[in-house]
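Remarks on the structure that follows.
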There are 2 protein chains.
Amino acid sequence: MADLRIALAQIDTCVGAIDQNTAAVLEWTRRAAAEGADLVAFPEMTLTGYPVEDLALRASFRRAAWDAAADVAAQLEREGLGHVTVVLGTVGTSESALPEGAEGAEREVSGAPADLPTNRAVVIQHGKVVASYDKHHLPNYGVFDEFRIFAPGTEPLVLEIAGRSVGIVICEDIWQDGGPVTTLGGLDEAGHGLDLLLVLNGSPYEEGKGHVRTELAARRARETSAPVAYVNMVGGQDDLVFDGGSFVVAPDGALLTSSPQFVEDLLLWDLAERDPATGEVPYPAGRTAAPLHPDEEVYRACVTGLAGYVRKNGFRSIVLGVSGGIDSALSATIAADAIGGQNVVGVSMPSTYSSEHSLDDAADLAKRLGADYRVQPIAPMVEAFQGELALEGVAEENLQARVRGVVLMAISNREGHLVIAPGNKSELAVGYATIYDAGSIGGFAPLKDVDKSRVWALARWRNNAALDAGEIPPIPESSITKPPSAELRPGQTDQDSLPPYDLLDEVLDAYIEHAEGRAELLARGFDPEVVDKVVTLVDRAEWKRRQYPLGPKVTSLAFGRDRRLPVTSRWREPVE
Amino acid sequence: MADLRIALAQIDTCVGAIDQNTAAVLEWTRRAAAEGADLVAFPEMTLTGYPVEDLALRASFRRAAWDAAADVAAQLEREGLGHVTVVLGTVGTSESALPEGAEGAEREVSGAPADLPTNRAVVIQHGKVVASYDKHHLPNYGVFDEFRIFAPGTEPLVLEIAGRSVGIVICEDIWQDGGPVTTLGGLDEAGHGLDLLLVLNGSPYEEGKGHVRTELAARRARETSAPVAYVNMVGGQDDLVFDGGSFVVAPDGALLTSSPQFVEDLLLWDLAERDPATGEVPYPAGRTAAPLHPDEEVYRACVTGLAGYVRKNGFRSIVLGVSGGIDSALSATIAADAIGGQNVVGVSMPSTYSSEHSLDDAADLAKRLGADYRVQPIAPMVEAFQGELALEGVAEENLQARVRGVVLMAISNREGHLVIAPGNKSELAVGYATIYDAGSIGGFAPLKDVDKSRVWALARWRNNAALDAGEIPPIPESSITKPPSAELRPGQTDQDSLPPYDLLDEVLDAYIEHAEGRAELLARGFDPEVVDKVVTLVDRAEWKRRQYPLGPKVTSLAFGRDRRLPVTSRWREPVE
C-alpha cells in the first residue's frame, strides 16, 4: 500500500458559470495529476458556484449542472486521467427530497416546491460518477438559506480508495454535533476505522474564523481518530467573501499543512502508509501559511470581495466620487488594489461648501494610485434645480448629494464603469447618509461592513505596508488625520451630530451585532446619554431606510451577521 | 351545556407595534364580549405583528411581547372580562428550542442562535395565560422564513372550554399532512372526539387562494370530524397583503359563515349544544361574504397593500410622477383610493419629447381624483447636466429619467410625502426601466406584482365600478387606449422594443413564475423567436439589476412567489 497523495484545490468559482467552473475543475485536476495526486478535492458546490439561492429551484439549471458532472468524468477519462479520484460539489436531484414528514401533494398545496434538490458531493473515477453524498445539515441562519432550497441528505458516504476508508461530508456537517461525523467515527466489521475525513466547504470569511475552523476540525479529527482534510473556496461572491485557508489536521488535532487566505492554491499532502513495524500511520507535516495581521486580513477581504464582484459581473473599471475624505480615499485604494489604479476613475464633485484642501487631497490620492482623476463641479446643476425648487435645510443638502449621484450614474452609463459606494458601516447604521447620493448609489459598497474606527486602522495599515515595501503610501496623510466632514454646509463636522467614532462603534457593535437591549448596554458601563442617543439614531435610521426600501440595498462583505428586518416595523428599543 | 359563542377577530396588526396591537386585542375582546362571545380568537402573532423576521432574534423585543400577553390577561380581568377565553398569537421562548439534533454549544460555534424563540398561541382566562401552543410546521419557502427564526413546537394543545374540546393550531400546521392535526383527530379515553379545531393564521393573499384555504379546511374538518374555525389577519405589511376572509366550515366540509376580504371584521358563530334526542350537534350557518370578481380582488389587494404601507410608516400623503400613461394613472388612482385623492400629489415632469396629450391626460387624471397637480419642467436641469456632461443615446434618456427622480425626492424631502414608483411587473421583468428614475425610486411600488395586461384590466374594472356607482371614472379613457410609450425620444413606443404585452405576459408567467426552461416554453407552443427574445431580455434585465443591487429593491405585493437570486450569476437560460 503506497502513500495516497491528496490535493486540495482551493479555487474561485462563480455562481451560475457552469462552463467556466467545469473548465476550472479540469484544469486544476490536470495540475494535481501532474503533481502525482491520487485524490483531488474541490470546494462545496464547485460546478454551480456557491451560494446559488433560488437558482437551485430552476430545473434547467439543475439539469445543466448535473450534465456538467458527467462531462467532467468523461473528459478526464479521455485525457487518461480516469485513475485520479475527483471529489467535487454540485446540485443533486433527490428522489426523497421532501422535508420533515411532508407529503408531495401537500407541499404543492402549500406552495412549497415538491422536488427540492440537494447540496451534493460527487465522486468521479474512470469516466463515471461512482458515488454521491448529500449534505445533512443545511444552515439556515445568518447569511445562509440552505434549508429553503435544499432537502437534507440522510446517508453517510465512505469511499474505499487504494485501501483507505475516506469519509466525505460537507461544511455545516462538521459544525453540528451528531449526524454523519458520529457515524463515521466507528470501526467497520473488520475492525478498521476511518483513514481520512474529507470536508468540502463554502465557508464565508468572518474576522478570526480561521482559528474556529481549525479547532473544530481538530475536534472532529479526535472524535473519528482520523486526519481531517478541509478544502475551502476562495473569492468574492456577491456580499460574501470566501477566504480559502484550506488545511489538514492530524488525528491528535495538530495542524499539518495549510493554504494561504485569499488566493487560489493547490495544497498537496500525503496520507502515508502504515508502518509495518509499529502499526502506526505517520502524519507528515507540509507547508503552512503564517496567520495575517487582523488589519491585513480585513483589508484583503475587502479587496477580494470587490475584485470578485467586478470581474464576475463583467466590469473592467470602477468610478467613484472622491471627496478628499477617508472613506472615499480608502475605497479608491481598495479599488486600485483590486483591479489596478489605471482602471479606477475618481470624480471630485466640489460644491460651494467644499474646502480647498479637500480638492487637493482628492487629486493627490488619484495621483498616488495612478487613477483617472476628474473634477466635475455640481454648482450649475444644483442652481438649475434650486431655480425651480428653492429647497432649504436638509432638502438642500440632500439635493447636492443626489446631483453627485446622477453625475456618477451618467458617467457610468457613458463609459461602462461600475459605480461603487464609499459609505462605511458606522455612517449607514446611524443614517448619516443621503438616499440615492454618491455615497450610497451603485453596485457595491466595499466598506459597508467596516466601521469607521476600522476604516482609519485599515488606511494606516495600508500606508505602512507601502512604506515597508518601499512604495509611496497611497492615502494622503491629511485624509487620515483631518476631522471627518460631509461638507454639505459651512464648517460641518461629523462630531456635530455624532458621538466620537471609537465610542459610537463600540455601542453599535453591542446594539447591532450582538442584539443587546438598553439594559445590557447600560450593564456594560456605557453612559446612558450616549446609549440613548445611539439607539435612537439607529432605530430612526432603520425606520428611514424602511420608508425607502427602494433605496440603497447595500451589498458587501458579510463580516458580521446578516439581518433580515421587516420594512414596516414600529419596534423601537425603549429609551429614557 | 349552553351554546359556545365563538368570535373570530379578523384584525390588522402592525409589526413591532406591541402597544398598538395590545390595545387592539383589548378593544376587539370588549366588542366580542358585548356580543356575548365566550371565546375570542385572534390571528397568528397578534401582539408582535407578522411576519417579524429577524426582529424575533432580539431579546428585548421578545421580552416586551411576552409582557404584553400578561398585560392583556391582567387588564381583561380588571375589566370583568376574565370569563372570556382569549386565544392570541405572540412570540414564545423555548426551553428546547434547538432544531434537529443540534446541541447548544455547537449552535454557538456555528454562528446559529442557540435560543430560537417559537411562533406561539397563548390562551388567556381569568387574568392568566393558562396554556400555550407552539407552531409545529415552520414554512421556509416563497415569502416565508420561519425555519430561520423559530424553533418548531412538538406538543399538541386541546383546551376544555365549557365542556368542549377545542384543538388549537397555527396556519401552516393545517397545510402539511401529519403533525398536530392527525393527533387531534382521535378520540380521548372517554370516547370523545374534538368539538372544534381553531386555526390562527397569517396567510398572505395570492389570487384565488380563498378557495384553496376553504377546501383545505374542509379536508381537515372531515379528518377530525370537527368544525374548523379559521381566523386570518388583514392589512398590508411590507411586501405582503393579508386579505382576511376568515370562515367556519362544518365537519362535512360545508362553509357555514365567512368574513369579507380586505376589511377588519368580527365573525360570530355558535358552537351549538348536542341535541339530547338525536345525539347530533347542529351546525348553524351564519352570514357569508360573496366572492369578489378577480379584478376587484387584485385591485383591492393593491389598495390594501399601499394603504397599510403609508399608515404603518407614519406617512399621510403620497407623491408620484404622472405622465399621462396607464401605469402612473392606475398608481395614482390606487393611491387616491388608499388615502384619499386630496392626499396625493401628482407631478407632471415634461421633457422636450413629452406630447401635449400626455400633459392633458395627466391634468385630467388629477382633476378626476381631486389630487394636487403640479407641472415641473425638467428642461433647465437636463440642460445644466448636458452643458457639463454632453450625454447621448441611452445615457441621455436615463439622465432625463433620473432628473425626474431627483425632483420627486426633493419634493418628498421638502413636504414629507412618500414617493411611490409606478413601474409594473412586465416592465421590471424585461428591464424596460431606468435605475433611480421616477418609475423606480421611492418607498413602494403598487404595481410591482401586476403585469401590464392586468394593469389595463384593473384600470377598466375601476372605471366601470365608478360608472356602476354613478361616479366619474377616475382614469382618462385615452390613458387606457393609447399605445404605451416612455416618451424619452420622439415617436417612441414600447412595442418598438417589446413583443405585444399579452404575449409577453404569457411568456413571462411561464418563465418567471413557473421557472420553466426554453424546452418547456417551446412545448407550450410559443414562437421560438419570441421565447428567445423574452428569455434574453429577462436574463439581461436580471443581470443589469444584479450589477446595480444598490438600485431599486422593489417592495410590493407578493401575489406570486418571492425569488431570491444571487447578485452575481453567470447563469443564462440557453437560447438558439
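What to note about this one:
- Members of the stretch A:369-396 that are in contact (Cβ under 8 Å) with a residue 24 or more places away in the chain and crowded, with 21+ Cβ neighbours inside 10 Å: A:LEU369, A:ALA371, A:ILE378, A:MET381, A:VAL382
- If you check B:GLY167, B:GLY208, B:GLY153 for being touching a helix residue (DSSP H, G or I) at 6+ places or on another chain (Cβ under 9 Å), at pLDDT 95 or above and either assigned by TED's automatic domain parsing to the domain that holds B:THR93 or closer than 24 Å to A:LEU57 by Cβ (or both), only one passes: B:GLY167.
- Residue-level analysis places A:ALA307 among those that are under 30 Å from A:VAL199 (Cα atoms) and within 14 Å of chain B (Cβ to nearest Cβ).
- Residue in the stretch A:272-285 that is buried (at least 19 other Cβ atoms within 10 Å of the Cβ) and of a type in the set (S, T, N, Q) present: no
- Every residue from the stretch A:189-200 that is in contact (Cβ under 8 Å) with a residue 24 or more places away in the chain and acidic (Asp, Glu): A:ASP195
- Per-region count, the stretch A:477-507, residues modelled with pLDDT of 90 or more and in a helix (DSSP H, G or I): 12
- Of residues in the stretch B:144-181 being closer than 22 Å to B:LEU216 by Cα and free of Cβ contacts under 8 Å to residues at least 12 places away in the same chain, the one surrounded by the fewest Cβ atoms within 10 Å (Cβ to Cβ): B:GLY178
- Helices (runs of 4 or more DSSP H) fully within the stretch A:361-442 that include at least 3 residues being closer than 23 Å to A:PRO490 by Cα and modelled with pLDDT under 90: A:393-415, A:425-430.
- Identity of the residue in the stretch B:509-542, small (Gly, Ala, Ser) and assigned to a helix (DSSP H, G or I), that ends up surrounded by the fewest Cβ atoms within 10 Å (Cβ to Cβ): B:ALA523
- Matching residues, the stretch B:81-139, being of a type outside the set (A, V, I, L, M) and at pLDDT below 55: B:GLU95, B:SER96, B:PRO99, B:GLU100, B:GLY101, B:GLU103, B:GLY104, B:GLU106, B:ARG107, B:GLU108, B:SER110
- One residue from B:GLY442, B:GLY405 being without any contact (Cβ under 8 Å) to a residue 60 or more places away in the chain, at the interface with another protein chain (Cβ under 10 Å from one of its Cβ atoms) and surrounded by 24 or more Cβ atoms within 10 Å (Cβ to Cβ): B:GLY405
Listed here are the residues, each with its yes/no results for (1) assigned by TED's automatic domain parsing to the domain that holds B:GLN495; (2) under 17 Å from B:LEU369 (Cα atoms); (3) not aliphatic (A, V, I, L, M).
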position: B:ASN413; (1), (2), (3): yes, no, yes
position: B:LEU428; (1), (2), (3): yes, no, no
position: B:ILE441; (1), (2), (3): yes, no, no
position: B:PHE444; (1), (2), (3): yes, no, yes
position: B:LEU447; (1), (2), (3): yes, no, no
position: B:ARG462; (1), (2), (3): yes, yes, yes
position: B:LEU467; (1), (2), (3): yes, yes, no
position: B:PRO473; (1), (2), (3): yes, yes, yes
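- Test: A:GLY423 is within 25 Å of the chain's Cα centre (by Cα) and among the small types (Gly, Ala, Ser): yes
- Note on the stretch A:166-281: enclosed strands (runs of 3 or more DSSP E) holding 1 or more residues that are of a type in the set (D, E, K, R) are A:240-243, A:265-271.
- Candidates B:ALA32, B:ALA23, B:ALA65, filtered to the one that is closer than 23 Å to B:ALA272 by Cβ and of a type in the set (Gly, Ala, Ser): B:ALA32
- Residue among B:GLU35, B:GLU77, B:GLU27, B:GLU53 that alone is free of Cβ contacts under 8 Å to residues at least 12 places away in the same chain and assigned by TED's automatic domain parsing to the domain that holds B:LEU266: B:GLU27
- The set of residues in the stretch B:12-40 being touching a Gly at 6+ places or on another chain (Cβ under 8 Å), at pLDDT 95 or above and not in a helix (DSSP H, G or I) consists of B:ASP12, B:THR13.
- Only listed residue being within 15 Å of A:ALA445 (Cα to Cα), modelled with pLDDT of 95 or more and not hydrophobic (A, V, I, L, M, F, W, C), chosen from A:SER348, A:SER259, A:SER331: A:SER331
- Unmet requirement for B:ALA59, which otherwise passes all of (1) crowded, with 22+ Cβ neighbours inside 10 Å; (2) more than 23 Å from B:ALA272 (Cα to Cα): (1)
- Meets criteria (at negative phi, over 27 Å from the mean Cα position of the chain (by Cα) and at pLDDT 95 or above) for B:ALA277: no
- All of A:ASP468, A:ASP451 fail the test of being more than 10 Å from chain B (Cβ to nearest Cβ), closer than 22 Å to A:ASP509 by Cα and of a type outside the set (A, V, I, L, M), apart from A:ASP451.
- Qualifying residues in the stretch B:304-358 (those that are β-branched (Val, Ile, Thr) and part of a helix (DSSP H, G or I)) - the one surrounded by the fewest Cβ atoms within 10 Å (Cβ to Cβ): B:ILE339
- Test: residue in the stretch B:479-498 that is away from every other protein chain (no Cβ under 14 Å) and surrounded by 23 or more Cβ atoms within 10 Å (Cβ to Cβ): yes
- Condition check for A:ALA59: within 14 Å of another protein chain (Cβ to nearest Cβ) and either free of Cβ contacts under 8 Å to residues at least 24 places away in the same chain or more than 23 Å from A:GLY236 (Cα to Cα) (or both): yes
- Subset of the stretch B:373-402 [within 9 Å of chain A (Cβ to nearest Cβ) and among the basic types (Lys, Arg)]: B:ARG402
- B:PRO43 being at pLDDT 95 or above and either assigned to a loop (DSSP other than H, G, I, E, B) or more than 21 Å from B:VAL234 (Cα to Cα) (or both): yes
The values are calculated or read from the model by the stated rules, or taken from the named source; none is laboratory data. Everything numeric in this text was worked out from a predicted model, so none of it was measured. Positions of Cβ are backbone-derived with ideal geometry, glycine not excepted, and every protein chain shown enters the neighbour counts.
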